[in-house]
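Readers should treat all values here as calculations from the given coordinates under stated rules, not as data from a laboratory. The model shown is predicted, which means the values in this text are computed figures rather than measured ones. Note that we place each Cβ from the backbone using ideal geometry, even for glycine, and neighbour counts take in every protein chain shown.
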């Protein structure tokens with residue numbers, strides 16, 4: 001638990017694993033203003049944040065006193081917001097505008113980035129069944145085989161088509177109102193063998209591209225190399241021409 005008192009200021013980013021806020025410490029015992037990063041999600045669904053904490057804590061509090069290069073964690077708190085319990089992790093805030101700034105606009109040679117939420121423990125490394133029960137990746141973009149623990153190149157092609165739908169519609173591939181928990185997505189993708197619906201009104205070559213990416217059998221799903229020869233990319237990439245992706249199929 002944390003002894004800090006804080007207040008949320010603005011959202012820095014959000015995904016299916018939670019929301020990251022820029023927060024400020026309002027503890028009266030601290031004379032100066034201090035910013036922190038707060039990672040927050042509904043407590044009963046915050047499995048990734050809790051897993052991240054399990055791996056993060058030994059690195060920061062090891063026998064040698066921890067690693068100074070790792071962002072500090074000030075603890076966790078359970079709060080009640082809008083009649084729901086939220087799991088919050090309070091972290092050191094890095095003084096940069098965004099992750100993109102950290103990587104590209106303001107490069108720091110000594111900075112390394114690691115996602116502890118995607119890390120594996122020793123038990124998961126040696127126990128295949130444990131690995132299968134905890135698929136890696138953002139649930140909204142996971143392919144059917146990924147829910148069985150099969151991690152290979154075809155799952156990236158499935159994720160590509162999910163990204164493409166979001167670019168076309170501005171909404172997640174499974175829809176804005178979809179209950180996007182891992183359990184629901186596993187049921188729809190793995191057991192019902194469904195894939196996200198294609199946007200209405202797209203042209204036939206765009207529809208076909210998505211179909212090739214959403215093949216449920218990963219061995220039949222087109223590879224990136226083969227997709228480069230698809231009509232959609234042939235027109236848009238090699239002729240520097242952006243076709244109307246929406247319209248009649250004629």
Discussion item. Just to verify a number: FRET efficiency for residue 204 and residue 138, C-beta to C-beta distance, R0 = 22 Å, to 0.05?
Written reply: 0.15
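Just check segment 134-238 against the gyration tensor rule for me: Cα atoms, a ≥ b ≥ c as the square roots of the eigenvalues, rounded for a/c under 1.5, and otherwise prolate or oblate depending on whether a/b exceeds b/c.
Because a/c hits 1.5 or more and a/b fails to exceed b/c, segment 134-238 counts as oblate.
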Item to complete: Report the extension gain between residue 79 and residue 26 in nm, rounded to one decimal, defined as 0.36 nm multiplied by the number of residues separating them, less their alpha carbon distance.
Response: 17.5 nm
Fill in: Projected label distance in nm at residue 59 and residue 219, using a 7 Å step from Cα toward the beta-carbon
3.8
Discussion item. Quick check: residue separation of residue 194 and residue 153 times 0.36 nm, minus the Cα distance between them. What number comes out in nm?
Written reply: 12.8 nm
Worksheet item: Going by how many other beta carbons lie within 10 Å of each one, how would you line up 143, 219, 48, fewest first?
Response: 219, 48, 143
